[in-house]
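Contents: one structure, followed by commentary.
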Amino acid sequence: MDHEPKEQQFAALYERHKGDLERIARYLFSSDTCAKIGMSPEDILAEAMLRQYKHYVEGGREIDERSFMSYVTNSMRHVVIDQLRAQRAQHNHMSIDDPESPIDLADGDEEKPELPPSVVRVIKTLSERQAGIVDLFLRGNDHSQIAKILRITETTERWHYHAAVKEIRRA
């Protein structure tokens with residue numbers, strides 16, 4: 001398997017385990033869950049496979065057949081969790097410019113400082129949540145304000161912030 005290109009290795013693994021993965025997806029996710037997130041078990045599996053493809057092939061990581069099934073199964077769970085969180089965030093979304101914002105942004109609504117092009121490139125690769133937190137931070141908001149704006153815990157906000165800063169420092 002080592003002599004094959006990663007794309008072929010990944011495709012072969014998927015074909016070998018496709019039936020089992022589809023059964024796992026149908027078993028794990030009830031029709032209620034699927035209806036709630038607007039995805040079928042097959043859609044969930046497809047999204048999980050895309051994530052794993054990016055992880056293995058585009059990320060240049062080694063493909064380990066022994067752990068492939070567990071990684072894909074775990075990825076399917078994360079797809080559902082991410083969809084539920086996105087729906088909750090969309091439902092609870094409050095714009096920074098919203099007059100009913102939970103905090104007063106008068107002091108933190110400043111222009112962002114000019115950033116080096118390498119940092120801007122990295123910020124564009126961050127997740128939407130991480131980029132949003134960095135943007136709010138650059139506008140002068142502190143961690144507790146950002147957490148209130150995004151309606152997440154401060155711990156979650158700090159976790160995303162530090163993950164973003166770690167990526168930016170690599171640049």
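Put L136, L150 in order of accessible area, highest first, and with a 1.4 Å probe you get L150, L136.
Every pair of different Cα atoms in segment 1-84 enters the Kirkwood calculation, which places the hydrodynamic radius at 13.1 Å.
Our estimate of slack between I81 and R158, defined as 0.36 nm per intervening residue step minus the Cα-Cα distance, is 25.8 nm. Given the pairs K124/K166; K36/K124; K54/K148; K18/K54, which are separated by over 24 angstrom at their Cα positions? As for pairs spanning more than 24 Å Cα to Cα, those are K36/K124; K54/K148.
Taking segment 30-71 and a reference point 7 angstrom along Cα→Cβ of R121, the backbone N atoms nearer than 20 Å belong to 58-60. Given a 1.4 Å probe and the protein chains as shown, D32 ends up with an accessible area of around 120 Å².
The values are calculated or read from the model by the stated rules, or taken from the named source; none is laboratory data. This one's a predicted model, so the numbers in the text were calculated from it and none came from an experiment. A quick note on method: Cβ atoms are made from the backbone with ideal geometry, for glycine too, and the neighbour counts reach across all protein chains shown. Heads up: the accessible areas ignore ligands, DNA and RNA and are worked out on the full protein's heavy atoms, side chains in. Shrake-Rupley method; radii C 1.70, N 1.55, O 1.52, S 1.80 Å.
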